[in-house]
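One structure is given below, encoded as structure tokens.
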């Protein structure tokens, strides 16, 4: 790893510089991405096998820790025979979280690895790739963070949980940013995925109605071919596109879905910087960008503050917030000091311009409204109230 760390610290690097690691050969290339001219590092000439898929992750995490956030592998393998169907599905499900996502090959059996090569799994692969495109607001914000601070996009668990010695040797699970833990299926025929959840926080299963687990334990979850196991922790702020993106340049994000899980403790605060710009020019250097700082805090009344900087025009028209609270249903919801309507019927809620609805299945409040032009605040009351009088929060 020392070789990689030294290589990426030299400026400028020649395009095509080679880094040799235990599991793969990494190539550094320059490319123009949406923020700035950055180095791109990828595993090259990978043999198609389950072993290669498993080895992808520790290699990518090691390179990420060495100052190279834009990493990726050849999805499905590069050399050797075409991947079998299950292997290809798992490789795609793993690859959608890599900053560089690319399916290409030079197979030894005269085949070409393509997303549609197995008709029985086309929808699975399409679904995974569409999920990646919905994650673009988060991925682009992570790219900006990596540019500003050097923080990895794909992070080993030890990066965020250095006080938990149980994570030191884990290399089959990673964090996509600060809050999202990804535990892809990397073994052939696996039916139960065992996942260690780091200590010091609670974890919520994104594939099981936000089922909550205490950190510091290993759990087993049932998986099938469609499974992409993901967990988020207390204090999560996770933005995603609410409208389906198919092309990054031509399809703007017009609706933002924001997952919020309040941090535990009256004094606890979570923060996130949502970033966007035109994606084509260096106009961001002259203030043509949009940074939205998000602060999440509170217990009885949870507050989410949104503060915007920059001159870039906002493409957002709608916003939908999902705020998880397993203990209580909200008493009221406010947008910048004005109460939003409460709907008991989901269909009516979905048709309304603004309002809120509480999902008993997910134990989460869903909030929708038109995206405000400037700074704004969302507050959700989880105060106790008198069920008989229905007159407001109960007296302490």
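Odds and ends about this structure:
- Among the residues of region 62-85, just one is surrounded by fewer than 23 Cβ atoms within 10 Å (Cβ to Cβ) and closer than 12 Å to residue 125 by Cβ, namely 85.
- Residue match in region 125-138 (condition: farther than 25 Å from residue 197 by Cα and either touching a helix residue (DSSP H, G or I) at 6+ places or on another chain (Cβ under 8 Å) or modelled with pLDDT under 90 (or both)): yes
- Of the residues making up region 211-236, those that are under 15 Å from the mean Cα position of the chain (by Cα) and either assigned to a strand (DSSP E or B) or free of Cβ contacts under 8 Å to residues at least 24 places away in the same chain (or both) number 4.
- Across region 310-324, the number of residues qualifying as surrounded by fewer than 18 Cβ atoms within 10 Å (Cβ to Cβ), touching a strand residue (DSSP E or B) at 6+ places or on another chain (Cβ under 6 Å) and without any contact (Cβ under 8 Å) to a residue 40 or more places away in the chain comes to 1.
- Reported count of residues in region 361-387, each being part of a loop (DSSP other than H, G, I, E, B) and closer than 27 Å to residue 274 by Cα, is 8.
- When residue 107 is tested against the conditions (1) over 26 Å from residue 243 (Cβ atoms); (2) in a helix (DSSP H, G or I), the lone failure is (2).
- Of all residues in region 180-200, those satisfying the criterion of being buried (at least 16 other Cβ atoms within 10 Å of the Cβ) and in contact (Cβ under 8 Å) with a residue 60 or more places away in the chain are 182, 184, 185, 186.
- Test: residue in region 338-360 that is assigned to a loop (DSSP other than H, G, I, E, B), touching a residue at least 40 places away in the same chain (Cβ under 8 Å) and buried (at least 16 other Cβ atoms within 10 Å of the Cβ): no
- Among residues of region 325-375, those that are in contact with a strand residue (DSSP E or B) (Cβ under 6 Å, 6 or more places away or on another chain), at pLDDT below 95 and under 29 Å from residue 315 (Cα atoms), counted: 0
- Sole exception among (1) surrounded by fewer than 20 Cβ atoms within 10 Å (Cβ to Cβ); (2) in contact with a strand residue (DSSP E or B) (Cβ under 7 Å, 6 or more places away or on another chain) for residue 117, by number: (2)
- Exactly one residue among 252, 263, 239 is surrounded by 15 or more Cβ atoms within 10 Å (Cβ to Cβ) and part of a strand (DSSP E or B), and that residue is 239.
- Candidates in region 40-61 are the residues that are under 30 Å from residue 280 (Cα atoms) and surrounded by fewer than 22 Cβ atoms within 10 Å (Cβ to Cβ); of these, the one that is modelled with the lowest pLDDT is 40.
- Within region 139-179, tally of residues that are in contact with a helix residue (DSSP H, G or I) (Cβ under 6 Å, 6 or more places away or on another chain), part of a helix (DSSP H, G or I) and buried (at least 21 other Cβ atoms within 10 Å of the Cβ): 1
- Residues in region 252-273 include none that are on the phi > 0 side of the Ramachandran plot and in contact with a helix residue (DSSP H, G or I) (Cβ under 8 Å, 6 or more places away or on another chain).
The values are calculated or read from the model by the stated rules, or taken from the named source; none is laboratory data. For clarity, every value in this text was computed on a predicted model and none was experimentally measured. Here the Cβ is made from the backbone with ideal geometry for all residues, glycine too, and neighbour counts use every protein chain on show.
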